[in-house]
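*Asks:* Below you'll find the structure I mean.
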Amino acid sequence: LPKLRSKHLVSTCFATLRKPTVFAQPVGANVIMPWMYILECSDDSYYVGSTWDLEKRFWEHNYGEGAKYTSRRRPVKMVFAEEFESIADAYRREKQVQGWGRKKREALIKGQLDTLPKLARKDFHKKE
């Protein structure tokens, strides 16, 4: 997937939780790029989503205006985000990571990309 950059974010990345102001983009301005993100919920579960506006979506999740899942598990912490060239790419990545188990998600969050293939393998050999 064509990603522009990855960020390993900590809970203080949006330390000032205030509702973001929405500004219209002037012609020729830098275009906002879409994101795939992982939140750690108060019950230690992970939520994976995608959005155009990462700060606004983080605010929504923490103030009960995001997904039902996170509204019952607040506060949430942003633990990982990847920026993409298109929302379709961010959404595909969201669905991919949603299919992963906890250990594989944690490896991604920790930046342990070399362990991802190993965590994807399943042992289909019969045990004798």
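*Asks:* What full-extension length gain, to one decimal in nm, is calculated for Gln98 and Asp114 as 0.36 nm per residue of separation minus the Cα-Cα distance?
*Replies:* The span from Gln98 to Asp114 would gain 3.8 nm if fully extended.
*Asks:* Do the alpha carbons of any pairs in Lys68/Lys95; Lys56/Lys103; Lys77/Lys103 sit beyond 26 Å of each other, and which pairs?
*Replies:* Too far apart for the 26 Å limit: Lys56/Lys103.
*Asks:* Show which aspartates and glutamates lie in cross-link reach of Lys110 when reach means a straight Cα distance below 18 angstrom and same-chain residues fewer than eight apart are skipped.
*Replies:* Hits, sequence-local ones excluded: Glu40, Asp44, Glu82, Glu83, Glu94.
Quick note: the coordinates plus some simple rules give every number you see, no bench work behind them. Because the structure is predicted, anything quoted here is derived from the model rather than measured.
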